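Colleague: First the structure, which I've put down as structure tokens, then a few questions once you've had a look.
The values are calculated or read from the model by the stated rules, or taken from the named source; none is laboratory data. Remember, predicted model here, so these are calculated numbers, not experimental data. Using ideal geometry, Cβ is built from the backbone for each residue, glycine included, and neighbour counts are taken over all protein chains shown.
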Amino acid sequence: MKKQRKKLIHWLFKKTQLLYCRFKKKAPWNITTLQLLQLPTTTFGHHLGSFLFKNGFELLPKVERHDAYHVLTGYSTRVEDEIALQFLCFGNGKRTPYLLGVLIVGSLLLPEYAGYYRDSFRIGKQLNPFHHYDYKLLLKQSFTDFKNSIFSEEQRQKLELLQKRHTYIHLSNTH
């Protein structure tokens, strides 16, 4: 049953993302994964390119910052992690109709992850704001320096622990 609910959410993500991108007024970055991978390995852009390559993705035009959030925070692309990432962003102050829809639908369809979502929200509230950056301008910046400007060592550890704990639970439930 949970697998079917996750498939439904994945399908909803795909359909609503295309619609959302169509009406978004931002200009696309027009940068490929290969171009990002050609940046120096210490840059934020190279890390973004590695994330995209590892997952077999290209940047989605007009919503490129979403993948930047994944790279910055370490959340995977599993459905429950996508939703948890949105809770983290909501806690961090991001407010969009799409984000609110993800929070509502994700909470209703996957209530078993409520603790994970709550903890992600709480951590998001503690972080320096990161949702407002123009990430295209940061592609050549040091990934480590940029990440350190947003997360304290304690916050990084909390976020990593939360994700490791969730991954452990996820792996335990799949066997």
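Colleague: Would you mind stating whether Gln4 is free of Cβ contacts under 8 Å to residues at least 24 places away in the same chain, more than 18 Å from Phe143 (Cα to Cα) and surrounded by 17 or more Cβ atoms within 10 Å (Cβ to Cβ)?
Modeller: Answer is no for this residue.
Colleague: Kindly indicate which of Gly101, Gly49 is surrounded by 15 or more Cβ atoms within 10 Å (Cβ to Cβ), part of a helix (DSSP H, G or I) and either touching a residue at least 60 places away in the same chain (Cβ under 8 Å) or in contact with a Ser or Thr (Cβ under 7 Å, 6 or more places away or on another chain) (or both).
Modeller: Gly49
Colleague: Restricting region 7-34 to residues that are at pLDDT below 80 and in a loop (DSSP other than H, G, I, E, B), which is nearest to Leu99 (Cα to Cα)?
Modeller: Lys24
Colleague: Also: Pull up region 133-162, narrow it to residues that are free of Cβ contacts under 8 Å to residues at least 12 places away in the same chain and not in a helix (DSSP H, G or I), then point me to the one that is nearest to Val71 (Cα to Cα).
Modeller: Asp134
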